[in-house]
1. Can you name the number of the only condition in (1) open to solvent by less than 40 Å² (accessible area, probe 1.4 Å); (2) farther than 27 Å from residue 86 by Cα that residue 229 fails?
2. Would you pick out the residues in the range 108-138 that are under 21 Å from residue 277 (Cα atoms) and surrounded by fewer than 22 Cβ atoms within 10 Å (Cβ to Cβ)?
3. Filtering the range 195-224 down to residues that are at pLDDT 95 or above and among the β-branched types (Val, Ile, Thr), which residue is least open to solvent (accessible area, probe 1.4 Å)?
4. Are any residues in the range 270-293 surrounded by 16 or more Cβ atoms within 10 Å (Cβ to Cβ) and touching a helix residue (DSSP H, G or I) at 6+ places or on another chain (Cβ under 8 Å), and if so, which ones?
5. Which of the strands (runs of 3 or more DSSP E) contained wholly in the range 1-93 include at least 2 residues that are open to solvent by 10 Å² or more (accessible area, probe 1.4 Å) and farther than 23 Å from residue 178 by Cβ?
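The values are calculated or read from the model by the stated rules, or taken from the named source; none is laboratory data. All of these numbers come straight from a predicted model, not from anything done at the bench. With ideal geometry, Cβ positions are generated from the backbone for all residues, glycine too; neighbour counts draw on all protein chains shown. Ligands, DNA and RNA are excluded from the accessible area calculation, which covers all protein heavy atoms including side chains. Shrake-Rupley method; radii C 1.70, N 1.55, O 1.52, S 1.80 Å.
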Amino acid sequence: MPELSVILPARDAEKTIHRAVSSTLRAMPTDSELVVLDDGSTDGTLQALDALKFDRRLRVLHAGAQGGRGVGAALSTLLEHTDSRYVARMDADDISTPWRFKTDLRAVRHSADLAFSTVAKLRGRILAPSMPMPIRADAFPFHLLLTNPACHPTLIARREVVEQVGGFRRVPSEDYDLWLRCAAAGASIVRVATYGLIYRIHPTQVTASAAWQSASWDDETQANAFGNLAQTLVGVRLRRLVQIASEPSHARSAELADFEERFTTATRDIRGSQGLFLRRRLAARLTWARGYSRTGAASMDEGALNV
């Protein structure tokens, strides 16, 4: 059993899979494995993977007739076929930095149950690093009440914690849903300032579609997980800001004011740069929610890219 398993679902990723896998293998420690699930690809993904099989740390699984069921199902399959102490994520279109796992493993070995790193966004050939702002364990759950502050393919986690809350579920935002449940269960979650990933931005991403966004915002399972975390943090079940913002403008004002008051009261003991970061994020999200319209207004990204 290796200490670390990096799990990577891939579907029709022939143009990017070689760079994603090779960069991850270079960054991984000796006592680790990279397990790729080909989720029903119809292009040259498997051929690209064959060229990398000289590294014995690479394992390739085939979904077969079960392929194409979505990222959540693919990740569940990958968890079932690994048994390491720590589990990390990678996507088929991103690039790992050489120092990624040194930094993240240090975090989970020390105190964290889940750790994420900062990303640099790649649009075409333009590289745009995000602000290298770490998030402490005491502040991270509150960020989850505002938006998703973590980029999924930078995850490294203690397997037992992920399994204890039920692992990945088949919901639109399988990553955010998992973070909510882990935080509500008391897991220690952090984001480090070190850049661990080059995150490709392209129009074919699932999360770039309006259909995915609508499904994620309206999903009752995710809303329930959010309510559970809010109950733990502020003492009452709150609705997600994206749900409140979707109400008619005359109906959202009082609920947003209540959200702001409860959130501010619950976070008053988080001081210094972490408290300032939270207050700025709250103000930005409330401004967006008060002005949002499903027709004509630009939406705020639910992922880590704007954090």
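1. Every condition holds for residue 229 apart from (2).
2. Matches in the range 108-138: 120, 121, 128, 129, 130, 131, 132, 133, 134, 136, 137, 138.
3. Once the filter is applied, the top-ranked residue is 198.
4. Once the filter is applied, which keeps residues that are surrounded by 16 or more Cβ atoms within 10 Å (Cβ to Cβ) and touching a helix residue (DSSP H, G or I) at 6+ places or on another chain (Cβ under 8 Å), the range 270-293 yields 270, 278, 281, 282, 285, 286, 288, 289, 292.
5. 58-62
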